[in-house]
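Here is the structure we will look at.
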Ligand SMILES: *Cc1c(COP(=O)(O)O)cnc(C)c1O
């Protein structure tokens, strides 16, 4: 048994790892590798697992814990006596050891004076790897990419989230296209999550009172490279039966459940860090769900004798808040009466009235009866940011009411455009190409100009690599359909719609995202005849692969999904429209790496950033989108296609017309224009530019460096900024 990496941060805790009886001593460290999710973005570590049993590895969707449980002792014995395997194993173990030290990282070099000063990062969901299903979509995956990058750069992040024992949900589509949602309960044995014991053998670590009852909270930990994640869990016998399932499901239940979840995340999360002896020097709330984290810190200071106004000032100075919500209706709000009951007279600790307490969440446009989580977070954070340039403008406008008498330009909210974790989202074969073309250090360099060299990459090598990824996407789609058919979860009539007729030679458009109505997945079906002509053109056909879940409570979203699904079964489209079930990080990987064009048609300005298009671009897959979110910054004219705001319309009619026209006159001809060697030389230029722009500007490395320089370090160092707290 090896000591887990979190040991140094958890003096009271000594979590135990699952032990695998079958692993030979020579390879004993494989268990440790499997228990740090850093394996998921290390090519050599992944290869060690894949080599144990390639078929099983794919079947298990890359879950090394289960793989090691099921591995045949004979196979492991062979590998233990294979010098090449052992040499690579030793290299991975050395790398894992360096993952424990933060001495030579970018952060240590840039901010030597900030060593050992942790930054707390709170988020309601974390999408780190498919095998740990505690995320629903974009926000969680972004948070996961943030942690991975913080680990790479040595930013001393400590993450706090919730342990959803029932995951998000599994998606099954009925033959009539209606989405059915089932629990996605995972076994604790199958995830690299370990319990943090409480004091004196107790299971719980902290207690939080809400709605008059004490809730005992147990904590689990998950290691993401250098970054520990602490996950709160209320499913303990000590708790009232009604409270035990409070944290079991992500974004489920009504506002009452959501409020309790957010209360436990914020208040409980702070108490957990205290119980572990961790003293963050800065605190980052990723989205308004974590606002109560700041309220609890104000309470702590007040209890220690600091006056309320002073306590707020101190908390503000060390707090960072990132908003991801594009429109006023999207912000979390609760009834002030509910919040007051939830808080259980916490205001008495703070030396203020109940009225003053609920005013923390006052937003003039939401009215005095709403506790607005974004307004509360803005009030309690000196440094606030939106997630793209365009979203910054929208957010300043939407928050203006908090600063009466000021123009939107004067609202002190900035932006840090989202980015994606390169080593997670770029396919290994593309990385290998870059190794060859840019030299082995391209991924470590800080000089963005290295990406200009992508433009001179070898056409043939890039095209064959892309085609290989496309073939493997289609093979997996077919295999999934075959398996579902054999298990009788897919009817014969559904097989075509599941993508079994997809052809790797055909221009393939990918559209995968949450089925919220504003994302307009069905826009491309506005004129069925015009689309049919494009799709079934015998010389230059087009195919489209859809994937995505609708939130279980979002019936309009489910209707859009049903609409799209029915077209997959429509013989007029000749099997060239597919819907692949159960969109998650696993499928996301294969889609962003294996389609030719990434489509996104959000109603402007509803997409705060959007990140899937960045993932696609890092694989040389250009995006076609309305100018919203990151595309407003990312579209350079030669790296994809755009529908401008003038061409977009509220009802989507002119948007759809423009979409068809661009496909007919630019996208399709470019794709099918080949040189004497059969290479789409014009399309390849677009691919290279997509890769260049994404590598230069849209990696999480750029994003986390911006947070570190502009938000974390100044918060810790107490850099002087004019303090402009909201006055409304
Ligand atoms: C990246 C990602 C998202 C977010 O994509 P958008 O472009 O913001 O819609 C959602 N779900 C999964 C599984 C992802 O990997």
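Read the figures in this text as sums done on the coordinates, not as results from a lab. None of these values were measured; they are calculated from a predicted model. Cβ sites come from the backbone with ideal geometry, for glycine too, and all protein chains shown count toward neighbours.
Considering just Cα atoms, how many Å³ per residue does the convex hull of region 11-166 enclose?
Taking only Cα atoms, region 11-166 has a hull volume of 138 Å³ per residue.
Given Cα positions, please report Rg to Rh for region 261-330, the hydrodynamic radius being the Kirkwood one.
When Rh is taken as the Kirkwood radius, the ratio is 1.00.
Rounded to the nearest 500, what is the 222 nm mean residue ellipticity of the chain from helices alone, with -39500 (n - 2.57) per DSSP H run of 4+ residues and division by all residues?
So the helix-based figure for the chain works out to -11000 deg cm²/dmol.
Compute the length gained on full extension between residue 674 and residue 75: take 0.36 nm times their separation in residues and subtract their Cα-Cα distance, giving the result in nm to one decimal.
Contour length minus Cα-Cα distance gives 211.0 nm.
Using only the Cα atoms of region 204-253, what are the Rg and Dmax in Å?
Cα radius of gyration and Dmax of region 204-253 are 12.3, 39 Å respectively.
Please work out, to two decimal places, the log10 of the ratio I(q)/I(0) at q = 0.09, 0.12, 0.14, 0.21 Å⁻¹ from a Debye calculation in which every Cα of region 127-258 carries one identical scatterer.
Results for region 127-258 at q = 0.09, 0.12, 0.14, 0.21 Å⁻¹ read -0.31, -0.53, -0.71, -1.32.
For residue 664, put the label point 7 Å out on the Cα→Cβ axis and report which residues of region 506-539 keep their amide N under 17 Å from it.
Once the point is set 7 Å along Cα→Cβ of residue 664, 524-539 turn out to lie under 17 Å by backbone N, inside region 506-539.
For region 633-677 and region 172-194, write down the distance between their C-alpha centroids in whole Å.
Cα centroid to Cα centroid, the span is 36 Å.
Ratio of Rg to Rh for the chain, alpha carbon only, Kirkwood?
Rg/Rh for the chain comes to 0.96.
Got a sec? Which residues in region 585-623 would a label at residue 651 touch, if it sits 7 Å along Cα→Cβ and we count backbone N under 18 Å?
Flagged as within label range: 603-604.
What FRET efficiency would be calculated for the residue pair residue 538, residue 435, taking the C-beta separation as r and a Förster radius of 45 Å, to the nearest 0.05? Please report the intermediate quantities before stating the final value.
Values: r = 40 Å, r/R0 = 0.89.
Computed FRET efficiency for residue 538 and residue 435: 0.65.
For region 381-536, what Kirkwood radius comes out of the mean inverse Cα-Cα distance, in Å? Don't skip to the end; give the middle numbers.
Working: mean 1/r = 0.0481 Å⁻¹.
So the Kirkwood estimate lands at 20.8 Å.
How big is the convex hull of the Cα atoms of region 208-309, per residue, in Å³?
Per-residue hull volume (Cα only) is 135 Å³.
Provide the descending list of Cα extents for region 85-182 along its principal axes, expressed in whole angstroms.
59, 38, 20
Percentage of Cα-Cα pair distances in region 464-554 greater than 22 Å, rounded to whole percent?
Everything past 22 Å amounts to 41 percent.
Semi-axes of the equivalent ellipsoid for region 25-98, please: Cα gyration tensor eigenvalues, times 5, square-rooted, ordered largest first, whole Å.
On the way: eigenvalues 56, 48, 21 Å².
Gyration-tensor ellipsoid for region 25-98: 17, 16, 10 Å.
Which percent, to the nearest 5, of DSSP beta bridges fully inside the chain are antiparallel?
Here the antiparallel bridges make up roughly 35 percent for the chain.
Taking 7 Å along the Cα-to-C-beta vector as the label spot, tell me the residue 453-residue 719 distance in nanometres, rounded to one decimal.
The two pseudo-label positions are separated by 3.2 nm.
How big, in percent, is the set of alpha carbon pairs in region 55-123 lying more than 15 Å apart?
In whole percent, the share of Cα-Cα pairs in region 55-123 beyond 15 Å is 73.
Hey, how many Å between the Cα centroid of region 85-123 and the Cα centroid of region 438-514?
Spelled out, the Cα-based centre of one part sits 32 Å from the other.
For the residues 579, 485, what sequence is obtained by ranking on other C-beta atoms within 10 Å, fewest first?
485, 579
Under a no-solvent Debye model with one identical scatterer per Cα of region 510-612, what's log10 I(q)/I(0) at q = 0.13, 0.18 Å⁻¹?
Evaluating at q = 0.13, 0.18 Å⁻¹ gives log10 I(q)/I(0) of -0.46, -0.90.
At a 10 Å Cβ-Cβ cut-off, how would you order 458, 152, fewest neighbours first? Don't skip to the end; give the middle numbers.
Working: 458 13, 152 25.
Listing 458, 152 from fewest to most nearby Cβ atoms yields 458, 152.
What is the P(r) of region 639-728, as percent of Cα-Cα pairs per 5 Å bin from 0?
P(r) over region 639-728, rounded to whole percents: 3, 10, 11, 11, 11, 11, 10, 10, 8, 6, 5, 2, 1, 0.
Only counting other Cβ atoms within 10 Å, I'd like 393, 577, 193 sorted with the fewest neighbours first.
Working: 393 17, 577 30, 193 22.
By the 10 Å Cβ count, ascending: 393, 193, 577.
Roughly how many whole Å is it from the C-alpha centroid of region 333-349 to that of region 385-399?
Using only Cα atoms to place each centre, the spacing works out to 29 Å.
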